[in-house]
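Here the structure is laid out as structure tokens; the discussion comes afterwards.
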Amino acid sequence: MHPCCRLIQVFAIGLISCLVATAASYAQEEQLEGVLSDSGAKSADDGVYLLEFQFEAVRMIRPTKGPYRGRVYWYMLYTIENRSDRTVDYFLSINAYSDRDKRYSDMFLPGVERAVEEKLGRPLWGQTNTFEILAGRDPQDEKYNYIPIKAREKRRCVAILSELDPNANKIRIEVVGLSNDTEEVKREDGSIEILERVLVLHFERRGDEYGIDQDPIYKGGREWIKKPVKIGAGTSGDNSGES
């Protein structure tokens, strides 16, 4: 087989795999929406919700002023929408993991957030907005971290995912909190795990450690997973890419 034909074949197989994975993820979302619309225990009347998530882009930015000047940060643009007929209180957590075993979290970096808004020429919902809401609340409130989104409201958002590792090539972003539909599982050791629904997005960055803010980031597939959170047996955490 001619090398060019072989290359085209490999590309086609990769593209088909990506489309199949994406279609499977959307099928899972439709299935979840169907569960939440039923009249049983998983109905919206019982307080269970699913926020619509629309991915826009993952990009990099190098601020030209302020304390973040000259450093390269990467961010994700996305939209969430409450398609229900009632206000929903949600607690969204966005974390990213690279093939270099590093973790990044959506961070409160107002200067970088403003730089993204100036670059795009439009306001975005980010950690700055969240902190403004939390500043007026009592930290002892059980819903302290939960942010309201009105019925039928659509919110254009940005997640600032810390300073980029220049050697990262494959990136996985996990979005937690789009739905509060959970499953409780009791293990043999007596511990209890809560399975959360997590949306996972896969990306690939092609480039080296030079001129990283110019390197394109390509979106791969997306999938829904159930991620366990142990209760009653202790939990362990890892550190984010930046403190």
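The values are calculated or read from the model by the stated rules, or taken from the named source; none is laboratory data. Note that the structure is predicted; figures quoted are calculated from it, not measured. Counting neighbours? That spans all protein chains shown, and the Cβs are built from the backbone with ideal geometry, glycine included. Note: accessible area is taken over every heavy atom of the protein model, side chains too, but ligands, DNA and RNA are not part of it. Shrake-Rupley method; radii C 1.70, N 1.55, O 1.52, S 1.80 Å.
Values computed for the structure shown
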quantity	calculated
Scan of segment 172-202 for residues that are surrounded by fewer than 19 Cβ atoms within 10 Å (Cβ to Cβ) and either among the polar types (S, T, N, Q) or in contact with a helix residue (DSSP H, G or I) (Cβ under 7 Å, 6 or more places away or on another chain) (or both), ordered by number	Asn180, Asp181, Thr182, Ser191
Pair list, Cβ under 8 Å, 6 or more apart: segment 169-198 residue farther than 30 Å from Ile147 by Cα and in a loop (DSSP other than H, G, I, E, B), other residue modelled with pLDDT of 90 or more and open to solvent by less than 10 Å² (accessible area, probe 1.4 Å)	none
So Ile212, is it of a type in the set (A, V, I, L, M, F, W, C), open to solvent by less than 30 Å² (accessible area, probe 1.4 Å) and modelled with pLDDT under 90	yes
Residues (open to solvent by 10 Å² or more (accessible area, probe 1.4 Å) and outside any strand (DSSP E or B)) located in segment 73-92	Arg83, Ser84, Asp85, Arg86, Thr87, Phe91, Leu92
Qualifying residue in segment 93-100 (condition: crowded, with 17+ Cβ neighbours inside 10 Å, under 24 Å from Ile149 (Cα atoms), in contact with a strand residue (DSSP E or B) (Cβ under 9 Å, 6 or more places away or on another chain) and among the hydroxyl-bearing types (Ser, Thr, Tyr))	no
From Arg69, Arg156, residue being of a type in the set (D, E, K, R) and within 26 Å of Gly220 (Cβ to Cβ)	Arg156
Verdict on Gly66 being in contact with a helix residue (DSSP H, G or I) (Cβ under 6 Å, 6 or more places away or on another chain) and at pLDDT 95 or above	no
Residue match in segment 104-126 (condition: in contact with an Asp or Glu (Cβ under 7 Å, 6 or more places away or on another chain), surrounded by 13 or more Cβ atoms within 10 Å (Cβ to Cβ) and not in a loop (DSSP other than H, G, I, E, B))	no
